[in-house]
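Everything on this sheet refers to the single structure shown next.
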Amino acid sequence: MSEWRKSSYTDETNCVEVSPGPVSQIRDTKDRSGGTLVVTAAAWRAFLRKAKD
């Protein structure tokens, strides 16, 4: 089972969780059964670098 972490930027309207690993999974906290985005760990790291810029 994956360990999900809630974003530190989560508020009442924007809720995101991520499960890091060899592939990272991203989902909407408010709609956990609504689907999961799956990306490689390298793609997730690249996204985080760009988001911080």
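The values are calculated or read from the model by the stated rules, or taken from the named source; none is laboratory data. Only a predicted model underlies this, so the values are computations on that prediction, with no experimental measurement involved. Please note: Cβ atoms are built from the backbone with ideal geometry, for glycine as well, and neighbour counts cover all protein chains shown.
Is there any pair with a first residue in the stretch 9-35 that is aromatic (Phe, Trp, Tyr) and a second that is modelled with pLDDT of 85 or more whose Cβ atoms are under 8 Å apart and which are 6 or more apart or on different chains, and what are they?
Tyr9/Val16
In the stretch 26-53, what residues are out of contact with any strand residue (DSSP E or B) (no Cβ under 8 Å at 6 or more places or on another chain), of a type in the set (Asp, Glu) and closer than 16 Å to Arg5 by Cα?
Matches in the stretch 26-53: Asp31 only.
Take the residues in the stretch 1-30 that are among the polar types (S, T, N, Q) and in a loop (DSSP other than H, G, I, E, B), then tell me which one is nearest to Ala46 (Cα to Cα). Give the derivation first.
Pass one, the stretch 1-30, residues among the polar types (S, T, N, Q): 2, 7-8, 10, 13-14, 19, 24-25, 29.
Then drop every residue that is not in a loop (DSSP other than H, G, I, E, B), which leaves 2, 7-8, 10, 13-14.
Numbers: Ser2: 21, Ser7: 17, Ser8: 19, Thr10: 21, Thr13: 25, Asn14: 21 Å.
Among those that are among the polar types (S, T, N, Q) and in a loop (DSSP other than H, G, I, E, B), it is Ser7.
Checking the condition touching a helix residue (DSSP H, G or I) at 6+ places or on another chain (Cβ under 9 Å) and either modelled with pLDDT of 90 or more or surrounded by 10 or more Cβ atoms within 10 Å (Cβ to Cβ) (or both), which residue from Ser7, Ser2 passes? Don't jump to the end; show me each part of the working.
Numbers: Ser2 fails: touching a helix residue (DSSP H, G or I) at 6+ places or on another chain (Cβ under 9 Å).
Only one candidate passes the filter, namely Ser7.
Identify, please: which residue in the stretch 31-53 is among the β-branched types (Val, Ile, Thr) and part of a strand (DSSP E or B) and is, among those, surrounded by the fewest Cβ atoms within 10 Å (Cβ to Cβ)?
Within the stretch 31-53, the subset among the β-branched types (Val, Ile, Thr) is 36, 38-40.
Subset that is part of a strand (DSSP E or B): 38-40.
Details: Val38: 13, Val39: 15, Thr40: 11.
The extreme case among them is Thr40.
Working only within the stretch 24-40, note down all residues that are within 11 Å of the chain's Cα centre (by Cα) and not hydroxyl-bearing (Ser, Thr, Tyr).
Kept after step one, since they are within 11 Å of the chain's Cα centre (by Cα), are these residues of the stretch 24-40: 24-29, 36-39.
Once the filter is applied, which keeps residues that are within 11 Å of the chain's Cα centre (by Cα) and not hydroxyl-bearing (Ser, Thr, Tyr), the stretch 24-40 yields Gln25, Ile26, Arg27, Asp28, Leu37, Val38, Val39.
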